[in-house]
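Single-structure report; data block below.
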2 protein chains.
Amino acid sequence: MRASTALLTDRYELTMIDAALRDGTGDRPCVFELFGRRLSGGRRFGVVAGTGRLLAALRDFRFDDDELAFLRDGKVVDAATLDWLAAYRFTGTITGYREGELYFPGSPVLTVESTFAEGVVLETLALSILNHDSAVATAAARMAVAAGDRPLAEMGSRRAGERSAVAAARAAYIAGFGATSNLEAGRTWGIPTMGTAAHAWTLLHETEEDAFRAQIAALGVETTLLVDTYDIRQGVETAVRVAGTGLGGVRIDSGDLPIVAAEVRVQLDELGATATRITVTSDLDEYAIAALAASPVDSYGVGTSVVTGSGTPTSGMVYKLVARQDADGAWVSVAKASTDKASKGGRKAAFRTLERGTATSEIIAISDGFEAVDTPDEHPGARPLQVRFVVDGEIDPAFEGPAGVEAARAHHAEVREELPVRALALSRSDPAIPTIYVDA
Amino acid sequence: MRASTALLTDRYELTMIDAALRDGTGDRPCVFELFGRRLSGGRRFGVVAGTGRLLAALRDFRFDDDELAFLRDGKVVDAATLDWLAAYRFTGTITGYREGELYFPGSPVLTVESTFAEGVVLETLALSILNHDSAVATAAARMAVAAGDRPLAEMGSRRAGERSAVAAARAAYIAGFGATSNLEAGRTWGIPTMGTAAHAWTLLHETEEDAFRAQIAALGVETTLLVDTYDIRQGVETAVRVAGTGLGGVRIDSGDLPIVAAEVRVQLDELGATATRITVTSDLDEYAIAALAASPVDSYGVGTSVVTGSGTPTSGMVYKLVARQDADGAWVSVAKASTDKASKGGRKAAFRTLERGTATSEIIAISDGFEAVDTPDEHPGARPLQVRFVVDGEIDPAFEGPAGVEAARAHHAEVREELPVRALALSRSDPAIPTIYVDA
């Protein structure tokens with residue numbers, strides 16, 4: 001049995017359940033919505049990621065003896081609430097944007113329909129996962145735009161918490177990266193893994209030549225040799241001398257990359273290693289990748305910037321109660337009124353309008369309560385953006401595991417083609433398309 | 001049995017082991033060092049955190065059937081390496097800075113002495129944990145400086161990956177925060193947890209008054225009421241009317257905090273609730289906290305900025321081979337020569353010089369190999385900074401679990417007093433004290 005995820009939660013979620021079970025409001029049917037008020041970091045589009053991980057976490061969201069003992073000993077909730085938590089199983093419905101889908105301000109990325117108590121307890125976990133993973137996916141998508149047809153590998157595990165690193169590899173893959181250095185991401189999510197050697201490998205040996213020879217003995221001449229431990233020019237010369245002109249690739253992890261890459265390409269060609277690829281891996285982000293577009297680079301390895309969201313490490317999405325039934329069973333739209341954090345009450349249905357295949361707006365139709373909403377009459381042909389992940393507590397397995405990741409990656413590749421050209425620029429800007437609210 | 005941590009690793013660590021076992025260099029005695037070339041983000045000091053988590057992860061670092069099957073099926077390593085991994089148990093020695101200790105550029109935060117193969121495989125995991133946790137602790141320490149005697153609570157779980165959130169709560173607590181909203185951090189690390197209610201609680205009810213009454217019925221008048229769902233002035237009035245003047249506290253989560261806090265304080269005093277505390281929680285970072293120093297605020301709740309390292313989400317530390325034995329068993333200092341990433345070879349011993357209790361420099365004495373290094377003659381009385389976490393594979397339990405966290409927190413509180421005044425300013429700058437290298 002996997003570890004319970006139930007305590008990956010803010011204490012106030014349980015405190016509210018405690019009070020709600022006491023005053024009878026805990027059973028009120030409610031609609032919670034997870035959305036971003038804006039796109040953090042001046043992004044022109046966002047990319048949804050994490051939903052498949054959330055579904056896995058939902059399967060493990062249970063209060064077993066250990067969790068209950070902690071809550072009892074700490075007097076976090078009373079005995080009646082402990083009983084309720086012990087029996088907890090999410091029985092509601094969760095709809096939302098597919099993983100890999102684009103999102104914009106106000107997009108209802110996730111909608112949770114359940115009683116108040118069942119839904120509120122998922123707030124922290126849902127936000128932790130989607131805020132982190134979407135920030136990484138959004139940054140990764142910008143890098144994929146900058147890289148064009150050249151492959152990208154994620155290798156930032158060492159610059160992220162050890163479990164977030166696995167999630168980051170997954171999010172980057174959904175958003176267009178082709179591989180990761182992270183083995184757990186390979187095992188858990190089926191993502192291709194890559195990697196050959198670090199500087200320590202060269203330093204372990206008496207000479208760089210010894211190190212290259214040993215690596216080729218183990219991995220063959222198709223391997224990639226790291227050539228910048230001492231002097232790059234000498235390293236390239238040694239690499240080709242040892243491996244022959246069939247050497248698979250060289251990796252450069254330091255220096256002024258446009259200049260160095262050009263010099264290395266000339267040198268490789270002069271040595272006859274015309275098919276040997278050049279991989280660069282030094283402090284790349286989407287801007288550095290864009291600056292290398294005209295350089296003879298064959299692939300990119302990206303570390304820190306992708307796993308930290310390239311300046312925007314969290315997406316800033318929130319999870320809000322937007323509708324509830326009143327004491328008489330009638331639906332009421334609700335929203336916080338504070339001026340700087342106001343949000344729109346009501347259940348949302350979301351659609352994207354397209355003109356000749358290019359996205360033109362995000363249409364959000366607002367209703368009071370649970371009922372399904374059709375494509376608005378004034379926007380015929382707009383693409384519905386929401387799917388059902390969980391129906392009456394039953395999780396749809398199509399969105400889980402490695403298959404879910406592959407589906408998300410394919411979906412992202414498809415919808416990225418819908419982005420207008422102005423969405424592909426890297427500078428800070430307003431969202432690429434407007435969000436338009438309509439009455440359902 | 002807890003989940004294995006062995007695949008939280010970059011593939012190239014295993015590829016290098018594969019090649020090293022083949023050419024006989026895998027058994028070479030080596031010294032690896034984890035350190036930062038600089039303090040990311042223009043910080044004036046860094047705070048070490050994560051070591052206790054790394055020791056826990058080291059206990060679970062084993063290649064069981066599942067891990068081996070993945071590596072075999074993916075042809076990551078050969079059969080001989082699989083056998084070696086199956087038997088893997090770290091038998092070396094790990095020394096380093098205590099958790100909570102200050103660090104500066106070049107400080108040998110962690111030193112791993114082992115064979116090449118045993119030590120290289122820990123690189124990614126050690127960096128993931130220490131880079132993340134130290135970034136959070138460093139940001140948290142700056143917030144603690146800004147907050148002075150006012151208590152700080154960490155409540156950023158929703159803005160971090162769900163497991164990194166637990167680590168962030170732990171790191172913030174070590175660096176001076178007093179509590180966290182994260183229940184798993186309470187269970188795993190013994191950190192005090194806090195939290196009462198969100199805006200959803202108020203929106204769930206017909207009126208704000210209903211919500212306040214229900215909360216007080218469950219939690220008593222000592223609770224903290226969130227007063228900004230609709231109109232703050234009305235919220236405060238309702239809160240005191242419902243709870244009486246013995247109301248524990250009010251929480252403000254929006255608005256121009258210096259102005260709003262002052263108005264709320266006047267209103268509370270006019271209503272007779274002179275002992276009711278004011279907690280603010282809206283988008284705080286160290287600068288916002290400093291700007292509230294003269295405002296009538298009693299405590300701070302910090303979210304996004306602390307869990308994301310306040311602009312510096314990773315510490316940028318590296319893990320480098322700095323010394324190894326050659327084929328004849330003689331120690332050799334090694335270092336990468338690339339100009340922009342050059343590092344200093346050799347085993348390091350670290351000391352901090354103090355004048356009248358104030359830190360004046362970081363002294364790093366460099367030797368070739370394993371042997372212990374005494375306090376340099378020219379710096380008598382300098383404080384040794386390294387302790388032994390693991391000796392010949394035996395982990396010292398004093399640094400683990402909740403007791404390790406409390407010890408780290410106490411140690412940080414002590415050494416923070418050694419910081420010179422110029423270290424306490426929040427603006428970007430050079431490190432507060434110089435790093436001085438000497439020969440051992």
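No value in this document is a laboratory result; all are computed from the given coordinates. Treat the numbers as computed from the prediction; the structure is a model and nothing was measured. Positions of Cβ are generated from backbone atoms using ideal geometry, with glycine treated the same way; all protein chains shown enter the neighbour counts.
For the modelled label position 7 Å from the Cα of A:ASP328 along Cα-to-Cβ, which residues of the range B:209-244 have backbone nitrogen atoms closer than 19 Å? From the range B:209-244, the list is B:210. Computed from Cα atoms, the angle from the helix B:401-416 axis to the main principal axis of chain B rounds to 80 degrees. Dividing the Cα radius of gyration of the range A:320-440 by 2.2 N^0.38 Å, with N the residue count, gives 1.27. Distance from the C-alpha centroid of the range A:86-163 to that of the range B:363-429: 38 Å, rounded to the whole angstrom. If R0 is taken as 60 Å, the Cβ-Cβ distance between B:VAL421 and A:SER429 corresponds to a FRET efficiency of 0.90. Students often forget the sequence filter, so: which lysines lie under 20 Å Cα-Cα from A:LYS336 once same-chain residues fewer than 8 apart are removed? Of all the lysines, those that pass the test against A:LYS336 - Cα under 20 Å, at least 8 places apart if same chain - are A:LYS320, A:LYS344, A:LYS348. Histogrammed with a bin width of 10 Å, the alpha carbon distances of the range B:151-306 distribute as 11, 39, 35, 14, 0 percent, first bin at zero. Between identical copies, the spacing of B:GLN234 label points, each set 7 Å from Cα toward the C-beta atom, reads 7.7 nm from nearest to farthest.
Which angle between 0 and 90 degrees, to the nearest 10, do you get for helix B:162-174 versus the longest principal axis of chain B when only C-alpha atoms count? So the helix axis and the longest Cα principal axis differ by about 80 degrees. Rounded to the nearest 0.05, what FRET efficiency do A:ARG72 and A:ALA3 give with R0 = 22 Å and r taken as the Cβ-Cβ distance? Could you check? After rounding, the FRET efficiency stands at 0.70.
Listed from fewest to most Cβ neighbours within 10 Å, the set A:SER427, A:SER128, B:SER343, B:SER315 follows the order A:SER427, B:SER343, B:SER315, A:SER128.
Legend: ranking of residues B:GLU400, B:GLU209 from fewest to most surrounding C-beta atoms inside 10 Å; resulting order B:GLU209, B:GLU400.
Taking every residue in B:14-22 and counting other chain Cβ atoms within 10 Å of its Cβ, the average works out to 6.
Extent along the principal axes, Cα only, for chain A: 82, 56, 36 Å, with the longest axis given first. Label point of B:ASP78 (7 Å along Cα→beta-carbon): distances to the other copies' equivalent points are 6.8 nm, sorted ascending. Reducing the range B:245-321 and the range A:166-181 to their Cα centroids gives an inter-centroid distance of 36 Å. The Rg/Rh ratio for the protein assembly as shown is 0.98, where Rg is the radius of gyration of the alpha carbons and Rh is the Kirkwood radius. Between B:GLU222 and A:GLU206, the simple spin-label model (points 7 angstrom out along Cα→Cβ) gives 7.3 nm.
Compared with the dominant principal axis of the Cα atoms in chain B, helix B:208-219 is inclined by about 60°.
Here is how far apart the A:ARG2 label points are across copies: 1.8 nm, shortest first, using a point 7 Å from Cα toward Cβ.
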